[in-house]
Every structure is written in structure tokens, then in C-alpha cells.
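To start, the structure under review is shown below, and the notes come after it.
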Protein chains: 2
Amino acid sequence: MAAPAEKHDVFKAIADPTRREVLRLLSESERPISEIADHFDMSRTAVTKHLNILKEAELISGRKEGREKIYQLHPEPLTEVKQWLSYYERFWENKLSMLKHLVEDEK
Amino acid sequence: MAAPAEKHDVFKAIADPTRREVLRLLSESERPISEIADHFDMSRTAVTKHLNILKEAELISGRKEGREKIYQLHPEPLTEVKQWLSYYERFWENKLSMLKHLVEDEK
DNA sequence: TTGACACATAACCAAAAGGTGTTATATTCT
DNA sequence: AGAATATAACACCTTTTGGTTATGTGTCAA
């Protein structure tokens, strides 16, 4: 049975600065956990927890390679955030929309 | 000490579904607290807490009008999220070599 | 095959988040 | 003035989050 798409939703996943930094690191290149942990002032176990949350949000995935586990970025779920955000873009891109949006039937 | 001891960042503010729903409600029109609370299955007190978090993130503002407090959307801080996202957009829009292996299609 | 390495997992803890109800204050309407 | 309404402020409870240390499992290399 397929994993539930959003056990951890993306918004929660990116809410934490540490996790955002992890995503940035992985956007540069895939890395093993130890290399990721070196960038933070916390234990490797704590980093692993963050990685698991990101993995449940399907923002990263890990493959085993020998005794290392290499994590890599999966940016697709971020489209959900982008779509959510696009609804609000009109409010700052054209100021007049504060009146306009009243006529829209959203949802 | 101009900086508030606990400035809620935007990412944290939008991480909660209830708060995102509040933003959506306020995007339709400004509303008093009681009207917002009617949309949720929780106490008005709990809603007020969410409003305060949104206010600290400067996503909403409230003005007193008689005995009511009217809350209004301020979408500007969302630009921070948009900018953060734009860094990752290229990863799914331009198919950079690093992410070649990502062949998942969208729903 | 023994020992060091890389990671996972479990047990535990403190603090923050998210909820409740009650009381207090300010405003409006008779 | 007094009653009703809207919100703020306060105290408290429970769950989640983010971290720790300790221990276990699989892999590589001498």
C-alpha cells in the first residue's frame, strides 16, 4: 500500500530553519548524513530526525550505498507551496486587487 | 530593543492549516474575530492565539472599531516565502542535470 | 574475525504549541 | 446607570517538537 501522500505536510516541513538549511545543502549536491550533520551544531541523531521529517514530506530521499546513506533533494512537493502562494501574489502585485478579490468565488 | 524578543517568522506562521485558513478568510474580506472564529470548531480564545501569531509575522493587522476588532490581511511578508521558493523553482522548471533522475510526474 | 565506522532506534527530557475555561476591561444600547 | 456584547488577559492542561545519550545493526578494512 502506497505511503500516505502527506503524513507530514510540506508547510510543516519547511517551517524549521534547520530543515530549510538541509534542503539548501542538498540542492548543492547529495550528501551522506555525516556530512550534513557537520554543518550543524547538533548531534547526528537530531539531524536524522529532521531528515526523516523531510523524507515523510517527500522532499528528500535516501539510498544506501555501502555503509553510507546518501540523501538527495526532491523539490516537487514545493509546488504545493508555490500554488498556495500564487493565490496571494495578486494582493501584492496589483494593489487594486484588494477590492477586486471580493467578486471572486474562491474555493 | 527594537527587535521583539520572539518574532514569529513567516514560515512558522503559515505552517498551521488553521492559520492558512484565516489568511484565506481575510483575503476575501476583513472581519472581526467573532466572525473568524465562527468558521472553526474551536474556541474564540484559541483563534485569538492564532491571530496573534499571524500579527507577529505581520501578515495581518487589526484596528478597533467600536467594540469590535477588525482584522485585515497584509500579504507582503509572503514575499519572503516566494523568494525562498524561487531558488528551488529552477530545479523543477529547468530540469538541471543534478536532478535528472527526478522523473516523477505531477498529480 | 575483529574492530572501527556509519547509521538507526529507543528511552528520556525540556520547552513550545495548541487547546480549554474563567475573569477582566471596554464599548454600546436601552 | 445597568445590561449586553466583543475582545483581552490569565491560568492551566495536553501533545508535539527538538534535542540529548545509550545501545544496536550492518559494512568495510586490516
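The values are calculated or read from the model by the stated rules, or taken from the named source; none is laboratory data. Just so it is clear, the structure is predicted and the values come from calculations on it, not from any experiment. Reconstructed Cβ throughout: ideal geometry from the backbone, glycine too, with neighbour counts over all protein chains shown. All accessible areas refer to the heavy atoms of the entire protein, side chains included, with ligands and DNA or RNA removed. Shrake-Rupley method; radii C 1.70, N 1.55, O 1.52, S 1.80 Å.
Looking across region B:20-61, the residues that are near DNA strand C (Cβ under 8 Å from one of its atoms) and buried (at least 16 other Cβ atoms within 10 Å of the Cβ) come down to B:V47, B:H50, B:I53.
Taking the conditions (1) under 16 Å from the mean Cα position of the chain (by Cα); (2) open to solvent by less than 20 Å² (accessible area, probe 1.4 Å); (3) away from DNA strand D (no atom under 11 Å from the Cβ) in turn, A:Q72 satisfies each one other than (2). When each of B:R90, B:R67, B:R63, B:R44 is tested for being in contact with a helix residue (DSSP H, G or I) (Cβ under 7 Å, 6 or more places away or on another chain), basic (K, R) and free of Cβ contacts under 8 Å to residues at least 60 places away in the same chain, the lone residue that passes is B:R44.
Would you mind stating whether A:E80 is more than 16 Å from DNA strand C (Cβ to nearest atom) and open to solvent by 30 Å² or more (accessible area, probe 1.4 Å)? Spelling it out, A:E80 is indeed more than 16 Å from DNA strand C (Cβ to nearest atom) and open to solvent by 30 Å² or more (accessible area, probe 1.4 Å). Looking only at residues of region A:32-57 that are of a type in the set (A, V, I, L, M) and more than 10 Å from DNA strand D (Cβ to nearest atom), we find that the one that is farthest from the other protein chains (Cβ to nearest Cβ) is A:I33.
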